[in-house]
1. Hey, can you tell me all the residues within region 16-34 that are surrounded by fewer than 11 Cβ atoms within 10 Å (Cβ to Cβ) and farther than 23 Å from residue 70 by Cβ?
2. Looking only at region 41-62, count every residue that is closer than 18 Å to residue 24 by Cβ, at pLDDT below 95 and assigned to a loop (DSSP other than H, G, I, E, B) and tell me the total.
């Protein structure tokens, strides 16, 4: 389970919650070294083919891919 560590309000933004947007990844779908880049300790890092290969080798199961209905 992830926890929210900070909430950022923009100038003129109401603090009354009107909507929530939640996004997530599932096991094995966004590994370190990914072509989209990846985040470690809050820092956006560039892709790395060798790191991605290593991360795939460490996986203990298949990636979890959600169907459109899930």
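The values are calculated or read from the model by the stated rules, or taken from the named source; none is laboratory data. Quick caveat: nothing in here was measured; it's all calculated off a predicted structure. When we count neighbours, we look across all protein chains shown, and the Cβ atoms used for this are built from the backbone with ideal geometry, even at glycine.
1. Taking region 16-34 first, the residues surrounded by fewer than 11 Cβ atoms within 10 Å (Cβ to Cβ) are 16-24.
Result: 16, 17, 18.
2. 1
Results for (1) farther than 25 Å from residue 60 by Cα; (2) touching a helix residue (DSSP H, G or I) at 6+ places or on another chain (Cβ under 8 Å); (3) at pLDDT 80 or above, shown as yes or no for each residue.
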residue: 2; (1), (2), (3): no, no, no
residue: 8; (1), (2), (3): yes, no, no
residue: 17; (1), (2), (3): yes, no, no
residue: 21; (1), (2), (3): yes, no, yes
residue: 26; (1), (2), (3): no, no, yes
residue: 29; (1), (2), (3): no, no, yes
residue: 32; (1), (2), (3): no, yes, yes
residue: 36; (1), (2), (3): no, no, yes
residue: 39; (1), (2), (3): no, no, yes
